[in-house]
Amino acid sequence: MEGVYRFLLTTPRWWAINVFVLLAIPFCVFMGSWQLGRFEDRVESHRTAEEKVSEDQREAARPLAELLPVDKETSGRQATATGRYGKQLLVPDRELDGKRGYYVLTMLRTDDGKALPVVRGWQPGDADAAKAPAAPTGEVTVTGALQASESPGSDGVSAAGGLPAGQTGAISAASLVNVVPYDVYDAWVTLAEADAGMTAVPAKAPQDTGLDLKAFQNLGYTGEWFVFAGFVVFMWYRLLRREVEFAQDAELGLAAEPTSGPAESAESAEPADEARDEPKASASPTA
């Protein structure tokens, strides 16, 4: 076995392989650790967001203008706004406590001319405008958790189009501005206490703070990078064993002999040709 592994440091090909392995393994471990750190950050962010929602419910409500624009700090805070209810819409296919139902969304027209989407409550079953309680008349002051505009396709938000008139799939200024004839705040409020006949809709945690698909993607990428590191080590070992086996066979003289070439085939064929050209001995006639 002496000198069998000499090729690891003497052949350019193995120098390249070794350098690649020495660089690839730390890189894969680093990327896996980074993705794991991202997942842990999202877990911590989710825990902090849940604690914040509980704290925001106990805080005193503040005027809407003081909390805009909505960000991770102001999302979930208790906000107040005064105005008159206008157009009412239904938001279908929303779940609450594992049951399917719909939100009753009413636009609150404020003194500055803009409208604030207000989720007055949730009802079970299919969206039905006849079952949705009418909004109070006259000037009202609402108090509820401030929320950022929804994005179609995000958690709990339907991206399907073609909804009947009087319904909307997402609570966002971009979609509502095409439904109502006035400007809409880039935010919405869910009432702390739902109107009669409905259930209050709890506030959602801000986007990118929960254990969503992105969080578990980070966890999946973590496993992939560590698998890549193990695969690099495995392939290096396989190549090493194959090279060692070839070297041992060569030292023992067990290396495969080269197959005979055309010249050798021609030489071996010559005697047969000569024998074929010799005249055959004829049998002497018997007496």
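Limited to region 225-243, what total is found for residues that are free of Cβ contacts under 8 Å to residues at least 40 places away in the same chain, under 19 Å from Gln35 (Cβ atoms) and open to solvent by less than 90 Å² (accessible area, probe 1.4 Å)?
1
Quick check on region 61-81: of everything there that is open to solvent by 80 Å² or more (accessible area, probe 1.4 Å) and over 34 Å from the mean Cα position of the chain (by Cα), which residue is farthest from Ala173 (Cα to Cα)?
Filtering region 61-81 for residues that are open to solvent by 80 Å² or more (accessible area, probe 1.4 Å) and over 34 Å from the mean Cα position of the chain (by Cα), the one farthest from Ala173 (Cα to Cα) comes out as Arg62.
Hey, any hits in region 53-70 for a residue that's out of contact with any Gly (no Cβ under 9 Å at 6 or more places or on another chain), under 30 Å from Ala127 (Cα atoms) and modelled with pLDDT of 85 or more?
Yes, the conditions are met somewhere in region 53-70.
Take region 134-186 and flag every residue that is modelled with pLDDT under 90, under 32 Å from the mean Cα position of the chain (by Cα), among the small types (Gly, Ala, Ser) and open to solvent by 30 Å² or more (accessible area, probe 1.4 Å).
Ser151, Gly153, Ser154, Gly156, Ser158, Ala159, Ala160, Gly161, Gly162, Ala174, Ser175
The values are calculated or read from the model by the stated rules, or taken from the named source; none is laboratory data. Note that the coordinates shown come from a computational prediction; the quantities given were computed from them, not determined experimentally. So basically every Cβ, Gly included, is an ideal-geometry build from the backbone, and we count neighbours across all protein chains shown. To get the accessible areas, we keep the full protein, side chains included, count just its heavy atoms, and leave off ligands, DNA and RNA. Shrake-Rupley method; radii C 1.70, N 1.55, O 1.52, S 1.80 Å.
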